[in-house]
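The values are calculated or read from the model by the stated rules, or taken from the named source; none is laboratory data. Not measured: the values here are computed from a predicted model. Every residue, glycine among them, receives a Cβ derived from its backbone with ideal geometry; neighbour counts consider all protein chains shown. Quick note on the areas: whole protein, heavy atoms, side chains included, nothing else; ligands and nucleic acids left out. Shrake-Rupley method; radii C 1.70, N 1.55, O 1.52, S 1.80 Å.
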Amino acid sequence: MQPIVSCRGLTKTYGKGALSVQALREVDLEILPGDFATLAGPSGSGKTTLLNMIGALDKPTTGEVAIDGQALQSLNATALSDLRLHKIGFVFQSLNLIPVLSAQENIEFVLELQGRPSKERAERAREALKNVGLEGMEHRRPAALSGGQQQRVAVARALISNPAIVLADEPTANLDSKTALELISLMYRLNQENGTTFVIGTHDPRVMEHTKRHIELLDGKIANDTRR
Amino acid sequence: MIDTLKTFGSLAWRNLWRNSRRTFITLIVVSVGLWSILFFNSFMIAWTQASKQATLSVLIGSGQIHAPGYMDDPSIDRLMQPPDAALTKALNAPDITAWATRLQLPGVVVSEYKTLPITIVGVDPALERKVSSIPGKVVKGRYLKDVSDDGIILGLNLAKRLKTGLGRRVILMSQNVEGKLAEQSFDVVGLFDADKNTEDFYAFTGRTAEQAFVGLKNQIAEIVIVTPDTVNVDTTVKNLQAAAPKLDVKSWRKLSLFLAASDTFMQGFIYVWLGVVFALMAIGIVNTQLMTVFERTQEFGLLRALGMKSRLVLLLVAMESAVMIGVGVLLGIVMAAATIWWLSSGVDLSAFAAALEMFQGGQVLYLKYQPQAFIQFSILIWLLGIIVALWPARRAAKSNPVDAMRRLT
């Protein structure tokens with residue numbers, strides 16, 4: 001099975017000389033289609049750095065990253081934007097949504113960037129909101145949604161373009177236990193129903209309990225990679 | 001692309017009101033700036049036209065015809081014959097509203113108390129009323145009755161300096177055709193009120209009366225013309241020159257260099273004003289847009305992370321500026337139109353009459369809409385505003401999604 005994400009000998013060094021910090025050290029990693037994985041580790045272990053590499057947001061110092069068989073090193077900024085737009089979905093910890101757009105418009109925005117016609121955009125956005133349990137809240141702006149509802153909208157937006165992988169960085173960090181559990185259950189359901197690949201950067205044990213694969217980073221290296 | 005522009009336009013409009021106070025400040029800067037440009041442009045044009053009209057209507061007209069050399073040496077030796085058939089036909093063309101012949105000669109006026117240098121102007125009163133404002137400026141006595149009227153009209157200030165007045169007699173002296181000194185007494189039949197220079201140095205009598213005074217038959221010194229449009233007088237000058245190739249035809253621009261220079265200066269001044277106002281506006285626009293971009297760094301990073309290309313981020317921010325400046329421009333147009341409408345019935349500057357006389361200005365200015373200037377300056381301000389706003393837009397476009405993610409997580 002061809003991996004969705006393939007990292008080979010990945011290193012990332014910030015700064016130069018004596019002040020340099022090595023955030024990733026020779027990381028080899030493959031994410032397979034349908035994986036529902038957590039990327040865990042203490043603060044400074046390199047979780048976000050690795051997610052940035054996988055998400056085509058940053059380039060490694062050395063090593064190679066390939067998404068869906070496409071090597072990122074050779075791509076320019078525009079091609080990387082295209083890759084993010086079509087193949088990667090993002091869910092961040094907070095400030096996920098554009099505040100002046102409604103829930104539906106936030107989701108439609110990705111399709112708009114892809115050049116989809118307005119009728120298709122509206123239909124798919126409504127369907128996506130229904131899928132994450134936010135039917136009837138299409139016209140609410142982020143400020144009128146709870147934190148959990150905002151994260152659901154972000155999940156719906158991440159999935160709207162059927163990406164190869166969804167990267168979520170601390171998606172439950174600002175949520176209470178019940179809402180966090182609901183969000184993880186939602187992502188898990190989508191993974192089960194649609195086979196969408198998720199990689200979730202977290203140190204929330206509630207999240208780790210629900211994932212099928214657990215990757216642990218320590219000092220920029222993969223210390224543990226287990227499947228359940 | 002149209003869909004994208006529609007979405008971005010809507011997004012830009014909503015983003016404008018995220019910080020309404022800042023938007024209002026920028027709108028005020030743009031609208032007041034444009035208002036000042038449009039208003040001052042109308043004011044300057046009204047001022048220039050009033051000054052030009054006031055000056056040209058006294059004696060100069062839109063243009064004049066002389067014998068060659070008369071302008072350098074306006075003596076009795078450099079006169080010309082009345083217009084022949086070809087020139088008369090050209091003078092009666094539709095682009096000339098009125099014309100009149102004059103005999104202008106240097107001389108002196110003598111009263112019991114004083115002798116002063118003047119220019120003696122012999123006119124045809126019926127024609128003169130169509131080309132000059134002097135007949136309407138007679139405040140005491142009467143204007144000349146006909147071309148043979150041998151009364152004299154003096155300026156109020158000249159009469160005062162001569163210690164003479166209405167009904168008194170003065171003696172005029174000038175060189176006659178034989179090169180000898182001619183002198184004759186004239187009754188003061190009227191006094192006119194004009195600018196100080198005209199009052200002091202010009203005295204008017206009937207043309208044939210002056211011709212008889214210096215021994216001339218029918219020679220004249222000049223033909224003055226009035227055209228409906230003082231801006232495009234060059235074609236008329238060319239036509240007259242073609243009809244009278246041996247004569248010297250000049251437009252008012254050549255006859256009154258000061259007026260022509262002030263006309264050009266006024267046109268240039270509005271662009272200087274535009275530059276000053278725009279510099280202030282640019283500082284306001286760039287400042288507020290930079291603050292907006294700085295505040296929304298995370299949002300731009302998010303957009304970039306979602307796959308929005310940097311050129312689209314630039315387009316989005318540029319559209320926000322375009323919408324904001326566009327609204328400011330519309331407000332400025334409305335404010336300027338309202339101000340000009342309010343002042344279109346006339347701005348009375350008679351309180352500044354002395355200063356206006358010095359600058360040859362009219363005492364009542366009539367402001368008019370200048371549609372071309374409204375369009376030209378509004379588009380210019382809008383485009384220049386968008387261009388300066390590209391700087392903050394570029395900063396937004398360069399937002400690094402990694403930095404944004406770092407801030408978000």
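Along chain A, the longest continuous region that contains none of the GluC sites (Glu not before Pro) in a DSSP loop with at most 12 other C-beta atoms within 10 Å is A:1-134.
Between the range B:1-37 and the range B:38-55, how many Å separate their Cα centres? Using only Cα atoms to place each centre, the spacing works out to 34 Å. Contact order, relative form, for the range A:5-227: 30 percent (alpha carbon pairs under 8 Å, 6 or more residues apart, mean separation divided by residue count).
Beta bridges per DSSP, both residues in the protein assembly as shown: antiparallel share near 70 percent.
Note on B:Phe269: accessible area approximately 70 square angstrom, rounded to 10, probe 1.4 Å, nucleic acids and ligands left out.
Between chain B and chain A, the total buried accessible area stands at approximately 2600 Å², from heavy atoms with a 1.4 Å probe.
Can you give the helix-only mean residue ellipticity at 222 nm for chain B, where every DSSP H stretch with n ≥ 4 adds -39500 (n - 2.57) and the sum goes over all residues, rounded to the nearest 500 deg cm²/dmol?
Working: 15 runs with 223 residues, N = 409.
Only helices count here, giving -18000 deg cm²/dmol.
In the range A:133-180, the residues that give up 10 Å² or more of accessible area when the other protein chains are added, compared with the chain on its own (1.4 Å probe), are A:Arg141, A:Arg157, A:Asp169.
Accessible area per residue of the protein assembly as shown at 1.4 Å probe, in Å²? Please list the in-between numbers first.
Values: 28760 Å² over 637 residues.
Per-residue value: 45 Å².
Using a 1.4 Å probe over the heavy atoms of the protein chains, calculate the carbon and sulfur portion of the accessible area of the range B:1-145 as a whole percent.
Values: 3900 of 6500 Å².
Of all accessible area on the range B:1-145, carbon and sulfur atoms account for 60 percent.
Placing +1 at every Lys and Arg Cβ and -1 at every Asp and Glu Cβ, with all other atoms neutral, what dipole size does the range B:63-226 have around its Cα centre, in debye to the nearest 20?
On the way: 19 positive and 20 negative charges, 108 e Å.
That gives a dipole near 520 debye.
Placing unit charges on each Cβ (+1 for Lys and Arg, -1 for Asp and Glu) gives the range B:63-226 a dipole about its Cα centre, and among B:Val170, B:Pro74, B:Tyr202 the Cα reaching farthest toward its positive end belongs to B:Val170. A dipole drawn for the protein assembly as shown from +1 and -1 charges on Cβ atoms has a positive end, and of B:Tyr366, A:Leu85, A:Leu129 the residue lying farthest that way is A:Leu129. Could you tell me what percent of the accessible area of the range A:5-227 is made up of carbon and sulfur, with a 1.4 Å probe and every protein chain present? C and S atoms contribute 49 percent here. Quick check for you: which residues of the range B:318-340 have the amide N under 14 Å from the point 7 Å beyond the Cα of B:Tyr369 toward its beta carbon? What the label zone holds, given the 14 Å backbone N cut-off, is B:333-340. With unit charges on the beta carbons (Lys and Arg positive, Asp and Glu negative) and the dipole taken about the Cα centre of chain B, which residue among B:Gln53, B:Ala221, B:Ala389 sits farthest to the positive side? Checking the options against the dipole of chain B, the answer is B:Ala389. Interface residues of the range A:98-117, defined as a loss of at least 10 Å² in heavy-atom accessible area between the chain alone and the complex of all protein chains with a 1.4 Å probe, are A:Ile98, A:Pro99, A:Val100, A:Leu101, A:Glu105, A:Phe109, A:Val110, A:Glu112, A:Leu113.
Would you kindly state how much longer the chain becomes between B:Glu295 and B:Ile28 on full extension, computed as 0.36 nm times their sequence separation minus their alpha carbon distance, in nm to one decimal? Before the final figure, lay out each step's value.
Values: separation 267, 0.36 × 267 = 96.12 nm, distance 2.16 nm.
Roughly 94.0 nm would be gained on extension.
Site pair A:Arg8 and B:Ala338 shows an inter-label distance of 7.1 nm when each label is modelled 7 Å from Cα along Cα→Cβ. The Cα center of the range A:53-73 and the Cα center of the range B:105-182 differ in position by 98 Å. Apply 1/(1 + (r/R0)^6) to the Cβ-Cβ distance of B:Leu5 and B:Lys160, taking R0 = 51 Å, and write down the FRET efficiency to the nearest 0.05. Taking R0 as 51 Å, the efficiency between B:Leu5 and B:Lys160 is 0.10. For the range A:78-83, backbone phi angles converted through the Karplus equation (6.51, -1.76, 1.60; θ = phi - 60°) give residue-by-residue couplings of 5, 5, 5, 4, 4, 4 Hz, Gly and Pro being listed as x. The phi torsions of the range B:318-324, fed into the Karplus equation with coefficients 6.51, -1.76 and 1.60 and a -60° offset, translate into couplings of 4, 5, 4, 5, 4, 5, 5 Hz, rounded to whole numbers, with Gly and Pro shown as x. Bridge orientation summary for the range B:63-226: considering DSSP beta bridges with both residues in this region, about 75 percent are antiparallel.
Once fully extended, how much extra length lies between B:Ala212 and B:Asp403, figured as 0.36 nm per residue of separation less the alpha-carbon to alpha-carbon distance? Display every interim value, and only then the final one.
Details: separation 191, 0.36 × 191 = 68.76 nm, distance 9.71 nm.
So the extension gain works out to 59.0 nm.
Let me spell out the model: positive unit charges on the Cβ of Lys and Arg, negative unit charges on the Cβ of Asp and Glu, origin at the Cα centre of the protein assembly as shown. What dipole size does that give, in debye rounded to 20?
900
Where does each of B:Phe24, B:Phe8 land when they are ordered by accessible area, with a 1.4 Å probe and the largest first? List each step's numbers first, then the result.
Numbers: B:Phe24 110, B:Phe8 0 Å².
Greatest to least solvent exposure: B:Phe24, B:Phe8.
Taking a straight Cα-Cα cut-off under 19 Å and skipping sequence neighbours fewer than 8 places away in the same chain, the lysines within cross-link reach of B:Lys309 are A:Lys59, A:Lys87, B:Lys6, B:Lys398. Sorting B:Trp341, B:Trp273 by solvent-accessible area of protein heavy atoms yields B:Trp341, B:Trp273, largest first, with a 1.4 Å probe. Heavy-atom accessible surface of B:Tyr366, to the nearest 10 Å², is about 130 Å², with a 1.4 Å probe and all protein chains retained.
Heavy-atom accessible area, probed at 1.4 angstrom with all protein chains present, ranks B:Thr97, A:Thr38 as B:Thr97, A:Thr38, highest first. A:Asp225 contributes about 70 Å² of solvent-accessible surface, heavy atoms of the protein only, 1.4 Å probe.
Give me a single rounded figure for B:305-315: the average over its residues of other chain Cβ atoms within 10 Å of their Cβ.
On the way: counts 11, 15, 17, 7, 8, 3, 2, 2, 0, 0, 0.
Averaged over the peptide's residues, the number is 6.
Sparse packing (at most 14 other Cβ atoms within 10 Å of the Cβ) combined with a DSSP loop state is found for the following GluC sites (Glu not before Pro) in the range B:171-232: B:Glu178. Per residue, the average separation of C-alpha pairs within less than 8 Å and at least 6 apart gives the range B:128-255 a relative contact order of 27 percent. Give the lysines whose C-alpha is closer than 19 Å to that of B:Lys114, dropping any in the same chain fewer than 8 places away, or say none. Reachable lysines: B:Lys160, B:Lys163, B:Lys196.
In this Cβ point-charge picture (+1 for Lys and Arg, -1 for Asp and Glu), chain B has a dipole of about 1980 debye about its Cα centre. The relative contact order of chain B, computed from alpha carbon pairs under 8 Å that lie at least 6 residues apart in sequence, is 26 percent.
Using a cut-off of 10 Å between beta-carbons, work out the net charge of the residues near B:Tyr70 (Lys and Arg +1, Asp and Glu -1, B:Tyr70 not included). Once all neighbours under 10 Å are counted, the net charge is -4. Report the residues of the range B:6-22 in range of a label on A:Ala143: point 7 Å along Cα→C-beta, backbone N strictly under 11 Å from it. Inside the label zone: B:17-20.
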